[in-house]
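What follows draws every value from the coordinates through simple rules; no lab data is involved. Small disclaimer: the values here were computed from a predicted structure and weren't measured. Reconstructed Cβ throughout: ideal geometry from the backbone, glycine too, with neighbour counts over all protein chains shown.
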Amino acid sequence: MREKSSNTIIFKRLSLLYSEMERAYDLTANQLGLSCQSCPDNCCTSYFLHHTYIEWAYLWEGIRSCNDERQQGFLRRATDYVNEAKALPAEEVKVQIMCPLNENGFCRLYEYRLMICRMHGVPNSFVRPDGKKLSFPGCFRCQELYSESATAPVLDRTDFYRNLANLEMEFLGEKARNLPRVRLTLAEMLTQGPPEI
């Protein structure tokens with residue numbers, strides 16, 4: 001495992017990247033007139049997979065910042081989430097289940113939430129390393145806002161992904177080649193414990 005001082009520095013850089021993401025998200029949302037206030041949906045029930053060790057480790061920094069009772073609550077709900085998802089038929093695995101960090105409609109580790117949690121909602125796109133461009137229309141409320149408009153502002157996530165990938169490589173160092181790829185829900189990141197690097 002990396003030394004704690006090294007983690008502190010790279011986690012600060014991750015936090016700064018998250019802040020840049022939030023500014024870009026807010027700019028796009030404001031251009032659209034998109035607000036989550038009074039939305040009948042909750043993005044915390046969306047089925048998201050996460051793919052980086054650095055975000056997994058940073059999430060656990062957030063878990064450890066909580067008292068024991070709250071930590072145990074998160075872990076209980078994460079276990080329930082994983083068990084509920086496993087019980088679903090394969091074709092329904094993406095059925096909406098509330099994130100274990102959500103309490104009374106709010107994320108209790110908001111400062112530590114992962115990239116996709118920060119970027120979901122507005123129309124966005126990114127270019128993969130192989131050059132293929134992927135585009136996403138945004139959440140249902142966003143789509144309603146611009147359904148009659150010919151164009152809508154689109155948040156390009158390419159640089160954010162690239163910068164996150166660079167931080168990931170720096171975080172993992174030489175171990176990057178030998179570690180299995182991450183493809184986990186947030187609940188699985190909690191039930192499996194901090195990443196073993």
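The figures follow:
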| read-out | value |
| --- | --- |
| For region 1-153, with +1 on Lys and Arg beta carbons and -1 on Asp and Glu, the positive-most of 124, 39, 114 along the dipole | 114 |
| Built amide H within the under 5 Å cut-off of residue 138, gap 5+ | 124 |
| Charge dipole (debye, nearest 20) of the chain; +1 at Cβ of Lys and Arg, -1 at Cβ of Asp and Glu | 420 debye |
| From phi via Karplus (6.51, -1.76, 1.60), per-residue ³J(HN,Hα) for region 42-59 in Hz, x at Gly/Pro | 9, 4, 6, 9, 6, 8, 10, 9, 10, 10, 10, 5, 5, 5, 4, 5, 5, 4 |
| Region 182-192 - phi-based ³J(HN,Hα) in whole Hz, Karplus 6.51/-1.76/1.60, Gly and Pro as x | 8, 8, 10, 6, 4, 4, 5, 4, 7, 5, 7 |
| Normalised alpha carbon radius of gyration of region 82-191 [divisor 2.2 N^0.38 Å] | 1.29 |
| Helix-only [θ]222 nm of the chain, DSSP H runs n ≥ 4, -39500 (n - 2.57) each, per residue, nearest 500 | -15000 deg cm²/dmol |
| Dipole of region 4-191, positive end: most advanced residue of 186, 136, 172 [Cβ charges, Cα centre] | 172 |
| Gaussian network model of the chain, Cα within-10 Å springs - most flexible of 59, 88, 49 | 88 |
| Within a Gaussian network of the chain (alpha carbon springs, distance under 10 Å), most fluctuating of 135, 46, 147 | 147 |
| GNM result for the chain, Cα springs below 10 Å: residue of 128, 70, 13 fluctuating most strongly | 128 |
| Spin-label proximity, residue 183 to region 48-80 - amide N less than 17 Å from point 7 Å beyond Cα toward beta carbon | 48-53 |
| For region 4-191, projected area of the alpha-carbon convex hull averaged over all directions, nm² | 12.4 nm² |
| Lysine-lysine proximity count for region 4-191, Cα under 24 Å, sequence distance 8 or more or distinct chains | 5 |
| Neighbour-count order for 127, 82, fewest beta carbons within 10 angstrom listed first | 127, 82 |
| Tail fraction, Cα-Cα pairs, region 42-91, threshold 15 Å, whole percent | 63 percent |
| Calculated SAXS-style log₁₀ I(q)/I(0) at q = 0.19, 0.20, 0.25, 0.27 Å⁻¹ - region 152-197, Debye, Cα scatterers | -0.79, -0.84, -1.02, -1.07 |
